[in-house]
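These notes are about the structure you will find just below.
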Amino acid sequence: MTAMETTAICECRNLDIAFGADQNKLVLANVSLTINSGEVVAILGPSGCGKSTLLRALVGLLQPTHGEVLAHGKPLLGIHPGISIVFQNFALYPWLTVAQNVEVALNGLDLDPSGAADRVAKCIDLVGLDGSEQAYPKELSGGMKQRVGIARALARGPELLCMDEPFSALDVFTAESLRSEVYRLWTSVPHDGEIQKGKATPINSVKSVLIITHLIEEAVFLADRIVIMGKGPGHIRQIISTNLPHPRDYQSPAFLAMVQRLHDAIVSEHLPEQPELPPGQPEAVLAEPVPFVQMGQIVGLMEILADRNGQMDVFTLDHLTDYDFGYTLSVIKAGEMLDFLDTPKNKVQLTDIGREFLHDDVNARKLLLNKQLRQLETFRFIYQILKEAHDGRLTEDVVMEELAIRLPTQDIEKLFETIVAWGRYAELFGYDPEQKILYLDQPSAPQ
C-alpha cells in the first residue's frame, strides 16, 4: 500500500451544515465519517436525513458550516479530484449521444484523441452498452440511461465512485439487474490499478465505492460498512460492518441475519422492545402494497356503479372516467381491497358492504371504513406500531423506515401519503403536518 493509500480517500470531522439566510436550518449535525481505500460504504437512512447533503460535502460541492472535510489527510479545497458521482436522475445531456455523454467526463484530463476514444469505448463496453454509442438519451430505457451515467463516472478514472440512490428511479427488475452489474464490476476487478495517460483501464482506478440508499437489502448486498443515519437534524446513529463473504446471497442465513440486525438498529431508537410471543400466537403484522389513489375516487367510482344497478363492464366503466386504464384498475383494486367491490371476470360490481357504505351518512361511512382498514395488513401494522409507541405517536420518518423495510419495491413517500389520507378519512389515526407526526386518533369505532 502506498503512502497515499494509508490515509482516507475522504473524511469529514464534526461536520455541521446549515441552510437559510441566517443558517438557521441545521441539516447535518456533528457528523464524522471516513471513507478508506478498498471498501464499499453504504449510507442508509430515511428521506430527508441529509444523505445526499453529506455526499456533496465529502465531494466538495457543499462547504461545511462547521467542521472540516479532508482529502488524503489534507483539507479539501474545491472539488475532490478523485471522486465521480452517479446521480439518481441520470443527468444526461439530451442533445449528446451516448459516446458524447461519456466523453464529457474526460474534460481536463489532457488525454490524446486516440486514448480518449479508447477510454470512452472501454467504459461503454464495461456497462454493456456496446453498439449504442450513437444513440441519444431519448432512445434509451431508464436502465440504459443509468448505465451511461455509470460509464461516464468511470471514464473520469475516479478512486472513489459515489452513487446517490442510483437505482431508485428504475423499476424493480431493472434496478436489480443493474445493482448486480455494479456488484459484479466491483467484486471481479482488482482495485490497485492506476489510470495512465491514454490507457483504457478506468475501472481499475476505483478503490472504493460510496452508495446512498434507503433499502436495507441493497446496503447489505453491496456494502462492507453501513452508516445508519437519523433525522432532525441529520446525524450518524450507528456504523455496522457486514463482514459477509462474497458472493452474497439474498436468501442465505447470514444475509437475512444482517438485514434483521440493521432493522433492529433502525427501529430500536423509536420503538420499545417487543415481548416474546406466547406459544401459538401469530407473529407481528406484515404489510402489503396499497394503490396510490384517493378515497374520494374510490367512492366516486362506487357511485357510478350504484347509478347503473351496481355493476358494469370494466371497459365501459373506464370509458366514463378521465383516468387512463391502468389508473382505473388501481381505483378498482383499492375498492376490492376494502371489500366494497368485486370483480368477476370483466365485471365490476358493488358488494353488500359497498352498498351499505353508500347508503350510510358521513359518520357511519367513517366507522365502516375504519373497520375495513383494520382488516388490511398495512393499516393493521401502522395501528399496531402506534399503539406500541410512547403516547401513541411516531415521527413520519420512523413510519416510512418501517414501510421501506417491509415494502422495499414501493414508492414509500407516495405510499405514506396514501396511508395517511385513508387513515385520516376513517379517523383511524391522525397526522400533524407541521411536526410530521402520526398519532392514534380516537374514533368511536369497534376495537
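The values are calculated or read from the model by the stated rules, or taken from the named source; none is laboratory data. These numbers were taken from a predicted model, which means no experiment stands behind them. Positions of Cβ are backbone-derived with ideal geometry, glycine not excepted, and every protein chain shown enters the neighbour counts. Quick note on the areas: whole protein, heavy atoms, side chains included, nothing else; ligands and nucleic acids left out. Shrake-Rupley method; radii C 1.70, N 1.55, O 1.52, S 1.80 Å.
Residue-wise test of (1) open to solvent by 30 Å² or more (accessible area, probe 1.4 Å); (2) closer than 17 Å to Leu170 by Cβ; (3) modelled with pLDDT of 85 or more.
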{"position": "Ala99", "(1), (2), (3)": "no, no, yes"}
{"position": "Val104", "(1), (2), (3)": "yes, no, yes"}
{"position": "Leu111", "(1), (2), (3)": "yes, no, no"}
{"position": "Arg147", "(1), (2), (3)": "yes, yes, yes"}
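Identification of helices (runs of 4 or more DSSP H) wholly contained in the stretch 363-447 with 2 or more residues that are of a type in the set (D, E, K, R), under 30 Å from Tyr250 (Cα atoms) and open to solvent by less than 50 Å² (accessible area, probe 1.4 Å) yields 396-406.
Condition test on Glu401, is it at pLDDT below 90 and touching a Leu at 6+ places or on another chain (Cβ under 8 Å)? Step through it out loud before you land on a result.
Working: at pLDDT below 90: yes; touching a Leu at 6+ places or on another chain (Cβ under 8 Å): no.
So Glu401 fails the test.
Quick one: in the stretch 67-90, of everything that is of a type outside the set (Lys, Arg) and loosely packed, with under 14 Cβ neighbours inside 10 Å, which residue is nearest to Ser132 (Cα to Cα)? That would be Asn89. Filtering the stretch 303-343 to residues that are among the acidic types (Asp, Glu), under 26 Å from Asn370 (Cα atoms) and either in a helix (DSSP H, G or I) or modelled with pLDDT under 85 (or both) leaves Glu303, Glu336. Just one of Gly20, Gly50 is more than 24 Å from the chain's Cα centre (by Cα) and among the small types (Gly, Ala, Ser); which is it? It is Gly20. All of Leu210, Leu215 fail the test of being under 19 Å from Phe167 (Cα atoms) and open to solvent by 10 Å² or more (accessible area, probe 1.4 Å), apart from Leu215.
Please work out if Tyr136 is closer than 24 Å to Ile9 by Cα and of a type in the set (Ser, Thr, Tyr). Break it down into steps so the answer makes sense when it comes.
On the way: closer than 24 Å to Ile9 by Cα: no; of a type in the set (Ser, Thr, Tyr): yes.
Judged against the criteria, Tyr136 is not a match.
Name the residue that is surrounded by the fewest Cβ atoms within 10 Å (Cβ to Cβ), counting only residues in the stretch 16-58 that are outside any strand (DSSP E or B) and among the basic types (Lys, Arg). Quick ask: steps written out before the conclusion?
Filtering the stretch 16-58 for residues outside any strand (DSSP E or B) gives 20-24, 36-39, 45-58.
Those left that are additionally among the basic types (Lys, Arg): 51, 56.
Details: Lys51: 24, Arg56: 17.
Restricting to residues being outside any strand (DSSP E or B) and among the basic types (Lys, Arg), the top hit is Arg56.
So which of Leu317, Leu305, Leu301, Leu329 is open to solvent by 20 Å² or more (accessible area, probe 1.4 Å) and among the hydrophobic types (A, V, I, L, M, F, W, C)? Please lay out each step first, then the result.
Working: Leu317 fails: open to solvent by 20 Å² or more (accessible area, probe 1.4 Å); Leu305 fails: open to solvent by 20 Å² or more (accessible area, probe 1.4 Å); Leu301 fails: open to solvent by 20 Å² or more (accessible area, probe 1.4 Å).
Only one candidate passes the filter, namely Leu329.
Evaluating Phe90 against the criteria (1) closer than 22 Å to Ala8 by Cα; (2) part of a loop (DSSP other than H, G, I, E, B) leaves one unmet condition, (1). Val348 meets each of the listed conditions (1) more than 29 Å from Leu407 (Cβ to Cβ); (2) open to solvent by less than 30 Å² (accessible area, probe 1.4 Å) apart from (1). State which residue pairs qualify: first residue small (Gly, Ala, Ser) and inside the stretch 69-85, second residue open to solvent by 20 Å² or more (accessible area, probe 1.4 Å) and assigned to a loop (DSSP other than H, G, I, E, B) in any location, beta carbons under 6 Å apart, and separation of 6 or more residues or different chains. Filtered contacts from the stretch 69-85: Gly73/Thr7; Gly82/Glu159; Ser84/Arg156.
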